[in-house]
1. Net charge within 10 Å of PHE50 by Cβ-Cβ distance, Lys/Arg positive one each and Asp/Glu negative one each, not counting PHE50 itself?
2. Taking θ = phi - 60°, what integer Hz values does the Karplus form 6.51 cos²θ - 1.76 cosθ + 1.60 yield along segment 154-167, in sequence order, with x for Gly and Pro?
3. Looking at [x] 17.7; [y] 20.8; [z] 19.8, which value of mean projected area of the Cα convex hull in nm² comes from a calculation on the structure shown?
4. Hey, which aspartates and glutamates would be in cross-link range of LYS237, C-alpha to C-alpha under 13 Å, not counting anything within fewer than 8 residues on its own chain?
5. Jot down the radius of gyration and Dmax of segment 232-282, Cα atoms only, both in angstrom.
6. Quick check: pseudo-label points 7 Å beyond the Cα along Cα→Cβ at SER45 and LYS287, how many nm apart are they?
7. Taking amide H positions as placed 1.01 Å from N in the peptide plane, with prolines and chain starts having none, which residues 5 or more places from SER218, or on another chain, fall under 5 Å of its amide H?
8. If amide H atoms are built 1.01 Å from N in the plane of the peptide, which residues on other chains or at least 5 residues away come under 5 Å of the amide H of GLY311?
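Bear in mind that the values in this text are calculations on the coordinates, not laboratory data. The structure presented is a predicted model; accordingly, all values stated were derived computationally and were not measured. Cβ: placed from backbone, ideal geometry, glycine included. Neighbour counts: every protein chain shown.
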Amino acid sequence: MYGVILGKNPELGKAEFFSFARRFGLKVKPIEEGWNWIVFESKPSIERHFRWLGGSLKLVRIIGESEEAIRELEYAKLFTVSLYGKNDWKLWRKLGSDIKRHFKATGSSKFFKPARVYSMPAELILKGFPEVKDFVFLFREDGSFLVGETIRITDPFELKKLDVERPVQRPILSIPPRLARIMVNLTEVRKGNFLDPFCGIGTILQELVLQGLSAYGSDRSEERIREAKKNLSWLRKEFRLKNSAHLEVCDARKLKRCFRERFDAIVTEPYLGRPLRRNPGRGEAIKLANELDRFYYPVFESFSDVLKRKGRVVFVFPAYRLRDGGIYRKDRKWLGKLGFEVLGRYTDYEDRHKLVRDIHVIRKRN
């Protein structure tokens, strides 16, 4: 039995996790869930594939339940304790001391204090994970808990490298590498042709190439295509990859003129409108969304020309944080008229953001 610790956006992370499981054929069987964790049964191969999750932090092997499970933990000279579902330093110290007493018969040990009552992957890597162990306590609402050990973590340093060490960077205009990974998993497509028709500097293409997938990208800007090529050349050198992506200068509304291929999935973040100086009112948000839809409509007509039957689209539409604190998310019924069905919708944003990413998972009907 395993547990997965979700990242800062648990709703999106949960959706990605189950899409990821279907994508890799892992036959995940959910057992129970907390706000930011899921306990499940799965094939051991999940340990090998875990690195390709973007919205999860840790993979945990469940040892048992309640304090009795502490006796089943394997000795570590240095360890930490991570609590999920509780934020209690006194409890953190008590559980750490209990583990230390259990280890005393084997040898001396000590536990280190993380920034919070749980350790983030970066802290564990810097301390020497996996030799340094992370013992995890998953608390239910009634106070009972499960005990486990972290066996895999996402590598934030690799994700940071993919972002800030590549030769061309456009922080405001490009999506984070972690989100690109999430979006690829949301397609549920394991093998086939992938297209990013608004590729920009190539963040999504980087992820496709890293995973050894058949990657195609386009952008109507020749400069963006040159920048994407630079970033992909750097990626191949840094990660010693043999494959790359096929790139074209192309208007996303005219894809069949540029590509003879048919695609299993399209993963992209398009132009989301001009930067907002202030949070809009509801009327202004509706107007902004409608203006952009006049561009998105022919884009999806073009998608229909190049997608295979039942092909998937993971597409970021704009939503807006309103002056009154709410969020305006448009329901785009015109997608159905074009032969598409929406399978899921998930938001992703920071509190300071005026523009909200409204991530749609879409399937082309027969």
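1. +3
2. Values, residue by residue: 6, 9, x, 6, 5, 5, 5, 4, 4, 9, 9, 9, 5, x Hz.
3. Only one listed value fits the structure, namely [z].
4. Of all the aspartates and glutamates, those that pass the test against LYS237 - Cα under 13 Å, at least 8 places apart if same chain - are GLU165.
5. 17.2, 50
6. For the pair SER45/LYS287, the computed spacing is 5.4 nm.
7. Counting only residues 5 or more places away or on other chains, the set is ASP196, PHE198, CYS199, GLU248.
8. LYS364
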